[in-house]
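Reading through the structure tokens given below for one structure.
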């Protein structure tokens, strides 16, 4: 959608430069009438809301109307169109940025949850290995040796990979 708006803006810019450079119309009225303003605003709104194929047709018709206007009317109409398209582009950019931020936040939360789950799994595995070690020590040292304190030595937590 943004690319289409940019293309429309480039077309308008090219048309305005061409029309201003070749302005040979006779000035009849320095102001734009109220009905012409409404017509221009209505055209701009229809261009903004049209699908790409219709937008191209509407832009061509709008260009034909611009060619029939005197210089001041053309300048005002092109200015309005640029203003409206810029507002639309700004809104689209803000929406895109908001979506991008939301996706980034979702990815960050997912990574954080994944890391937490991995950490919990590693902790569970470590506790299981400690239980196995304790069991082996109690079985290997015999019942009497464990009771008298003569076997095995102190239990030290393990913080690494088993081989």
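Quick notes
- Extension gain for residue 48-residue 90 works out to 13.8 nm (0.36 nm per residue, less the C-alpha to C-alpha distance).
- Once the Cβ-Cβ distance of residue 134 and residue 111 is raised to the sixth power relative to R0 = 35 Å, the FRET efficiency obtained is 0.50.
- Residues 58, 66, arranged from fewest to most other Cβ atoms within 10 angstrom of their Cβ, appear as 58, 66.
- Computed FRET value (nearest 0.05) for residue 124 with residue 103, which takes r as the C-beta separation and R₀ as 41 Å: 0.85
Read-outs throughout are calculated quantities, based only on the coordinates presented, and are distinct from any laboratory measurement. Please read these numbers as outputs of a predicted model, since none were measured by experiment. Every residue, glycine as well, gets a Cβ built from its backbone with ideal geometry; the counts of neighbours run over all protein chains shown.
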